[in-house]
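Colleague: This is the structure I have questions about; it appears just below.
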Amino acid sequence: MKILVPLVAACLLATAGPAGAQATATQSRPAPVPIHADKIILVGDSTTQVLSGWGGVFCSRHVSAFVACVNLGRGGRSSYSYRAEGSWDIALAEMKTGAYDDTWVLVQFGHNDQPGKPGRSTDLAREFPANMRRYVEEIRAAGAKPVLVTPLARRMFKDGRLDDDLQPWADTVRRIAREMDVPLVDLHARSMAAVQGMGPVQAMTLAGSPPPSWMAAAAQTGTTVDHDVPPPPEVPADPTGRAPLGQPKRQFDYTHLGDTGAAFFAAIVADELTRVVPGLRERMYP
């Protein structure tokens, strides 16, 4: 019996050894430091959405792992139709997750608010500013932080000078930002200066596809010419009967962006955003 007791005790200690060591290691491990993350939500039209705007590149190349970036830009939308169709309800839901330190909502409209857009155009004197103000108010009510973005310039020239058809809408956004104390990403001013510096020929490289030869020739004179946008190619039927995959519309025009244009203007938006929202600077890449 005297021999068995030490043997049993030794066996028990050997069995408990690894568990005891693990418990000791767990107790000595420092408590993890909770992460602090922000969220950026993009709201706008086709010049913001993926494939034809700057938003896709902005989210993929310019934010760190501590920023969730959600691009809710949708082509063809105005400050009115974005809300009317329900896209704004989706954006509001994204603002209320509660897991982030700050949620920033960038709002850019103007292109489809212009006259001649059936079902989308808004009155510049009353409806457009009222819509933009309402976006700001509802973002704040949701506990998020608004950032207004002036509309991306179109790239049409006359006698070597950029034809600025979006200036009134940009001015309206600037005024609302001042009056409501909202950070402003002045993409219109930056894009106007950049595109004017490029000139009509180089600016064509920002589009989704190369221009037809006769349009490129016209640009050499300093005055661009427009044309009717051809319909996108038909998607071939899938032999399995599955629904067709989405097809990007890669075509030339003076508004939308290809890969080069998206990268160029996404960098500008990122630069402007870190300037007007200094708190995001350490969480973004140039």
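Colleague: Just to be sure before I move on: is ARG29 charged (D, E, K, R), out of contact with any helix residue (DSSP H, G or I) (no Cβ under 7 Å at 6 or more places or on another chain) and at pLDDT 60 or above in the structure I sent?
Modeller: In short, yes.
Colleague: Looking only at region 190-226, count how many residues are free of Cβ contacts under 8 Å to residues at least 12 places away in the same chain and under 23 Å from LEU51 (Cβ atoms).
Modeller: Qualifying residue count, region 190-226: 2.
Colleague: Taking PHE58 and the conditions (1) under 24 Å from ARG126 (Cα atoms); (2) not in a strand (DSSP E or B), which numbered condition does it fall short on, given that it satisfies the others?
Modeller: Failed condition: (1).
Colleague: Quick one: LYS117 ticks every box in (1) of a type in the set (D, E, K, R); (2) under 19 Å from the mean Cα position of the chain (by Cα); (3) in a loop (DSSP other than H, G, I, E, B) bar one, so which box is it?
Modeller: LYS117 satisfies all of (1) of a type in the set (D, E, K, R); (2) under 19 Å from the mean Cα position of the chain (by Cα); (3) in a loop (DSSP other than H, G, I, E, B) except (2).
Colleague: From the residues in region 23-64 that are within 9 Å of the chain's Cα centre (by Cα) and free of Cβ contacts under 8 Å to residues at least 60 places away in the same chain, which one is surrounded by the most Cβ atoms within 10 Å (Cβ to Cβ)?
Modeller: Per the criteria, the residue is GLN49.
Colleague: Oh, and also: Can you tell me which of THR47, THR97, THR150, THR103 is in contact with a Leu (Cβ under 7 Å, 6 or more places away or on another chain) and within 20 Å of VAL277 (Cβ to Cβ)? Talk me through it step by step, then tell me what you get.
Modeller: Numbers: THR47 fails: within 20 Å of VAL277 (Cβ to Cβ); THR97 fails: in contact with a Leu (Cβ under 7 Å, 6 or more places away or on another chain); THR103 fails: in contact with a Leu (Cβ under 7 Å, 6 or more places away or on another chain).
From the options THR47, THR97, THR150, THR103, the qualifying one is THR150.
Colleague: Looking only at region 96-120, which residues are surrounded by fewer than 21 Cβ atoms within 10 Å (Cβ to Cβ) and either touching a Ser or Thr at 6+ places or on another chain (Cβ under 7 Å) or farther than 29 Å from ARG154 by Cα (or both)?
Modeller: LYS96, THR97, GLY98, ALA99, TYR100, ASP101, ASP102, GLN114, PRO115, LYS117, GLY119, ARG120
Colleague: Select the helices (runs of 4 or more DSSP H) contained entirely in region 186-286, then report the ones holding at least 1 residues which are crowded, with 19+ Cβ neighbours inside 10 Å, touching an Asp or Glu at 6+ places or on another chain (Cβ under 7 Å) and modelled with pLDDT of 95 or more. Step through it out loud before you land on a result.
Modeller: Details: elements: 187-203, 213-219, 259-276.
Correct list: 187-203, 259-276.
Colleague: OK, next. Spot the failing condition for GLY76; the list is (1) assigned to a loop (DSSP other than H, G, I, E, B); (2) surrounded by 21 or more Cβ atoms within 10 Å (Cβ to Cβ), and only one is missed.
Modeller: Looking at each condition in turn, GLY76 falls short on (2).
Colleague: Looking at THR48, THR24, which is the one that is among the hydroxyl-bearing types (Ser, Thr, Tyr), over 26 Å from VAL70 (Cα atoms) and at pLDDT 50 or above?
Modeller: The match here is THR24.
Colleague: Out of all the residues in region 79-93, which are assigned to a loop (DSSP other than H, G, I, E, B) and on the phi < 0 side of the Ramachandran plot?
Modeller: SER79, TYR80, GLU85
The values are calculated or read from the model by the stated rules, or taken from the named source; none is laboratory data. Computed from a predicted structure; not experimentally measured. With ideal geometry, Cβ positions are generated from the backbone for all residues, glycine too; neighbour counts draw on all protein chains shown.
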